[in-house]
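Beneath this line is the structure, given in structure tokens, with notes to follow.
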Amino acid sequence: MRKTKTDPSTDRHIRRAAHILRRGGLVAFPTETVYGLGANAFDEKAVCRVFEVKKRPAFDPLIVHVASAAQARSLWLATPPLAEALMKKFWPGPLSIVLPKDPRVPDVVTAGLPTVAVRMPDHRAALAMIRAAGVPVAAPSANLFGYTSPTAAASVAEDLGGRIDAILDGGPARVGVESTVVKIEGGRMFLLRPGGITVEAIEEATGKKVFRPRAGKAKESPGQLKSHYAPHAPLIMASDPAAFVRRLRALEKGRGRPARVAAITLSSLSPRRDLYQAAARLFQVMRKLDKMDPDAIVAGPFPAQGIGRAIADRLEKASGGKRGWKSFFSTVNRRKKEKER
Ligand code: TXA
Ligand code: MG
């Protein structure tokens, strides 16, 4: 396989994608959050190929995508009332629910964990494909591991083209950040990853609190590594990117080539300062800025509420903890010198 064709998500191409999945192949498909790289969840060999193609470490479990609540129930050992309530309120939609797995779910899918994350995507083509395949579809985001997630078919082709069997194009992803991952344990909900469904909405719908995982359980969601979603250019967090760049220019006067710096703020992502629009644009903007090969991307804070929590989380992970002047000068000067050589 040399080139991967990108197909429109017409009924014919959806049927073909389903056929590829049943045969053990890999299909990138659109969802409302980000594009997924799908494999038949019951086909261990196909699931192993997902890890290979993405260069994803084997300890990071996959989310299984379903087309109905009944299909979700068949993947869990039991479905508590709280899970029923969440499914009823938020599915199809960007919420992944983690519960003890049925033995039918292969260990490769869950990276050996006794639990499995399941979600029903809110996207016509994704649902039609899963239904036509007749099997649940295990799918991580369709990017190279650690790099910025793909919210357009072209981004998938950039990262994985030539290494997978098909790409279904469903247009730009509507939500733009991944699903919220919630684990249910002992009648309580724990937030493993902020995402497209807000904590506030979950608390309101269930009348129950969403807890942060306890400190000792930081590895609870193995995908939550310190550096993730990262562009190639170093991403540095600053409390006020505009002020940061002004001060930088003053410091740089008469000291050779000024650093090429791009900024990500709420107003740069959404001129009308709408957090949902900002989330929808975040990953595309990160990829676009990265292509311009700046010395650094400086990103500002986002409100830790609503969908802002997911944006802040992705930027923090993309920065790998780099923040402020010290990080800036140590990383950027090193890179500038490398480039001048
Ligand atoms: O919106 C999304 O969730 C997208 C689209 C394609 O559906 N998928 C996605 O998958 O973001 P991925 O693989 O990039 O992220 C899955 C996250 C990881 O952080 C992983 O650690 C966590 O979900 N996860 C999966 N199964 C888990 C489990 N059994 N327990 C705890 N965390 C789990
Ligand atoms: Mg991912």
So how compact is segment 201-326: Cα radius of gyration and Dmax in angstrom? 16.6, 60
Show the residues, 5+ positions off or on another chain, whose built amide H is closer than 5 Å to the amide H of Asp169. Asp7, Ser9
State the Cα centre-to-centre distance between segment 84-102 and segment 192-212 in whole Å. 12 Å
Between Arg104 and Arg124, 0.36 nm times their residue separation minus their Cα-Cα distance comes to what? 4.5 nm
If each of Thr206 and Leu144 carries a label point 7 Å out from its Cα toward its Cβ, how far apart are those two points in nm? 3.7 nm
Each label point is 7 Å from the Cα along the Cα-to-Cβ direction; what then is the distance between the points at Lys253 and Glu185, in nm? 5.6 nm
Using Cα pairs closer than 8 Å and at least 6 residues apart in sequence, work out the relative contact order for the chain, in percent. 20 percent
What is the calculated FRET efficiency for Asp274 to Lys89, with r their C-beta to C-beta distance and R₀ = 30 Å, to the nearest 0.05? 0.80
All alpha-carbon distances of segment 1-116, grouped into 5 Å bins from 0, give the whole-percent distribution 2, 10, 19, 23, 21, 15, 8, 2, 1, 0
What is the ratio of the Cα radius of gyration of the chain to 2.2 N^0.38 Å, with N the residue count, to two decimals? 1.01
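Go ahead and estimate [θ] at 222 nm for the chain from helices alone: -39,500 (n - 2.57) per DSSP H run with n ≥ 4, summed, over the residue count, rounded to 500.
Details: 13 runs with 130 residues, N = 341.
Calculated from helices alone, the mean residue ellipticity at 222 nm is -11000 deg cm²/dmol.
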In whole angstrom, how far apart do the alpha carbon centroids of segment 111-139 and segment 243-288 sit? 36 Å
Calc'd 3J(HN,Hα), segment 301-317, phi into Karplus 6.51 cos²θ - 1.76 cosθ + 1.60 (θ = phi - 60°), Hz, glycine/Pro = x, comes to x, 10, x, 7, 8, x, 5, x, 4, 5, 5, 4, 4, 5, 5, 4, 5
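Could you tell me which trypsin sites (Lys or Arg not before Pro) in segment 59-106 are loop residues by DSSP with no more than 12 other beta carbons within 10 angstrom of their beta carbon? Before the final figure, lay out each step's value.
Values: sites: Arg73, Lys88, Lys89, Lys101, Arg104; in loops: Arg104.
Sparse-neighbourhood loop trypsin sites (Lys or Arg not before Pro): Arg104.
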Can you figure out the FRET efficiency of Arg260 with Ala70, using R₀ = 41 Å and their beta-carbon distance, to the nearest 0.05? 0.15
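What is the Å³ per residue value for the convex hull set by the Cα atoms of segment 1-55?
Given the Cα convex hull of segment 1-55, per-residue volume reads 101 Å³.
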With θ set to phi - 60°, apply the Karplus curve 6.51 cos²θ - 1.76 cosθ + 1.60 along segment 46-57 and write out the HN-Hα couplings as whole Hz, x wherever there is a Gly or Pro. 5, 5, 4, 5, 4, 4, 4, 4, 7, 6, 8, x
Mind listing the long-range amide H neighbours of Ala263? Cut-off is under 5 Å, sequence gap 5 or more, other chains count too, H placed in the peptide plane at 1.01 Å from N. Val298
Under the Karplus relation 6.51 cos²θ - 1.76 cosθ + 1.60, θ = phi - 60°, what is the ordered set of whole-Hz ³J(HN,Hα) values for segment 255-260, x standing for Gly and Pro? 10, x, 5, x, 5, 8
Interchain or long-range residues, amide H under 5 Å from Val116's placed H: Leu99, Lys101
Assuming R0 = 30 Å, can you tell me the calculated FRET efficiency for the pair Glu44 and His19, based on Cβ-Cβ distance, to the nearest 0.05? 0.95
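Every read-out reported here was derived from the displayed coordinates using simple, explicitly stated rules and does not represent laboratory data. Bear in mind the structure is a predicted one, so any value in this text is a computation, not a measurement. As a convention, Cβ positions derive from the backbone with ideal geometry for all residues, glycine included, and neighbour counts pool all protein chains shown.
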